[in-house]
Amino acid sequence: MTEVNEQTVRAEVRAWLEANWDTDLGLVEWRNKLVDSGWGAPHWPSDWYGRDLPVGLVPVVDEEFDRIGAVGVAKMGIRTLAAATILAHGTDMHKEKFLRRILTGEDTWCQLFSEPGSGSDLAGATTRAEMKGNKWVVNGQKVWTTSAHHADYGLLLARTDVDVPKHKGMTYFIIDIHQPGVEVVPLRQMNGHASFNQVFFTDAEISPEFMVENLGDGWKVATTTLMHERRGADGMRRYAQASDRPERIYREEAEEHAIALEPYKWYPQRAGRVDLVLERAKATGMNADPVLRQEIAKLMIMAKSAEWTARRARAAQEGGRPQGPEGSLGKLAASYVARAANRVHTAITGTESMLTGDDSPMDGVIAEILISTPAISIAGGTDEIQKNIISERVLKMPKEPRFDTDRPFREVPKNVV
């Protein structure tokens, strides 16, 4: 048996790419070949389109793809969270039906968790799923749902039992968005984008086989999804860029990227754009201001520290350790960095920070930063939620007093009208 190490993996993936990479193939056609080979998601199980590679060797595979400009599997959007959740908790039927099409990019996903009355308190969700006949019937509302307007499937957390404590009465489903009873309504943000949606369910149906894990296991499954989401919010995410080469596969990839990335194009501004700070300070002459120089230094130290913390979390993952609360550390750090960057950009630009349009510095980018950064402290669990997770799971502090965890959900006061 050949030893699996960097040299053997590099040689094998290089040989496969040299024999199979073809820029004249269609995007889905190429990705199906890639999925069959296992090189599209090499750290996945070999039974499910992977090669059982250690996560630490995945960058070696990526380097070989980058070396010749080969297109990889689809990785953008909620589909990566769907894949991670299905791999961890799904049945063989779920894996067979959904994983291949996630990797080929044929299906798009959304995450149906937050509600108008239960954002940070996700376990307080009131959207109901009731068994009627041989179907689960869903009624309720979700909000802040990115990409729901073009999603094929959704990861749905719904209330299935109101007579048990709230965390025990939730169940996790996969729901078809293209069905009667599901209405998607876009939300306009103050920065001008419309990345999020409200989703209304009126007697929408789910077959029993699309329940993930067992009845009442929704909180456990949702925790897996959230840990992967928070790890992706640690400030180190690579924003994919399509090639401008003219061959067919690159053209199709560029079209896919344009659609998939449209809701996320303001996310770099949401993170505070630390990368623009030195450029802006030099362009305005503010780099000579001693007070501002100190603030810039503090920001850079904070950002670099957050990056190193995230790298440690990546190393833990590559070492085979499961997802843990380090995702909350990274997400909370990202919030602090974004707010600090907001303050520094404001100090550099002054009152012109309030301008938008053609008169605004950097064609509106600075103004967009200032009104977008609050979002990072909310999305994926608020800063307060992350602090609770860190205090309880990392620092082992006592849990805060709660009045609603042991009572039946129907007796708990609801934050709804």
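Results, tabulated for the structure shown:
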read-out	value
Residues (surrounded by fewer than 18 Cβ atoms within 10 Å (Cβ to Cβ) and at pLDDT below 90) located in the range 365-382	378, 382
Residue in the range 147-167 that is surrounded by fewer than 15 Cβ atoms within 10 Å (Cβ to Cβ) and without any contact (Cβ under 8 Å) to a residue 60 or more places away in the chain present	no
Residue match in the range 375-389 (condition: within 24 Å of residue 117 (Cα to Cα), touching a Phe, Trp or Tyr at 6+ places or on another chain (Cβ under 9 Å) and of a type in the set (D, E, K, R))	yes
Any hit, the range 41-64, residues being closer than 26 Å to residue 267 by Cα, buried (at least 19 other Cβ atoms within 10 Å of the Cβ), not polar (S, T, N, Q) and not assigned by TED's automatic domain parsing to the domain that holds residue 221	yes
Test: residue in the range 105-120 that is modelled with pLDDT under 95, surrounded by fewer than 19 Cβ atoms within 10 Å (Cβ to Cβ) and either over 30 Å from residue 403 (Cβ atoms) or small (Gly, Ala, Ser) (or both)	yes
Total residues in the range 129-146, condition buried (at least 17 other Cβ atoms within 10 Å of the Cβ) and without any contact (Cβ under 8 Å) to a residue 60 or more places away in the chain	3
Residue 126 being crowded, with 20+ Cβ neighbours inside 10 Å and not in a strand (DSSP E or B)	no
Helices (runs of 4 or more DSSP H) lying entirely in the range 1-105 (those with 1 or more residues that are of a type in the set (A, V, I, L, M, F, W, C) and under 21 Å from residue 255 (Cα atoms))	27-37, 58-68, 100-104
Some residue of the range 338-358 being farther than 23 Å from residue 304 by Cα, assigned to a helix (DSSP H, G or I), in contact with an Asp or Glu (Cβ under 9 Å, 6 or more places away or on another chain) and not assigned by TED's automatic domain parsing to the domain that holds residue 122	yes
The range 276-308, subset over 14 Å from residue 346 (Cβ atoms) and touching a helix residue (DSSP H, G or I) at 6+ places or on another chain (Cβ under 6 Å), residue modelled with the lowest pLDDT	306
Residues that are of a type in the set (S, T, N, Q) and in contact (Cβ under 8 Å) with a residue 40 or more places away in the chain, drawn from the range 168-181	171
Count of residues meeting criterion [of a type outside the set (Gly, Ala, Ser), assigned to a helix (DSSP H, G or I) and modelled with pLDDT of 85 or more] in the range 216-258	16
Test set (1) more than 21 Å from the chain's Cα centre (by Cα); (2) closer than 30 Å to residue 224 by Cα; (3) of a type in the set (S, T, N, Q) - residue 349 fails condition number	(2)
Residue under evaluation residue 313, criteria (1) in a helix (DSSP H, G or I); (2) farther than 26 Å from residue 114 by Cβ, criterion not met	(2)
Qualifying residue in the range 343-355 (condition: closer than 21 Å to residue 265 by Cα and surrounded by fewer than 16 Cβ atoms within 10 Å (Cβ to Cβ))	yes
Residue, farthest from residue 332 (Cα to Cα), within the range 289-309, restricted to residues that are free of Cβ contacts under 8 Å to residues at least 60 places away in the same chain and of a type in the set (D, E, K, R)	289
Subset tally (residues that are crowded, with 19+ Cβ neighbours inside 10 Å and either modelled with pLDDT of 95 or more or not β-branched (Val, Ile, Thr) (or both)) for the range 74-83	6
Options 320, 327: the member that is assigned by TED's automatic domain parsing to the domain that holds residue 368, in a loop (DSSP other than H, G, I, E, B) and modelled with pLDDT under 95	320
Residue ID - modelled with the lowest pLDDT, chosen from residues in the range 261-272 that are crowded, with 20+ Cβ neighbours inside 10 Å and part of a helix (DSSP H, G or I)	263
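The values are calculated or read from the model by the stated rules, or taken from the named source; none is laboratory data. All values reported here derive from a predicted model rather than from experimental measurement. Because the Cβ atoms are built from the backbone with ideal geometry, glycine has one as well, and the counts that use them run over all protein chains shown.
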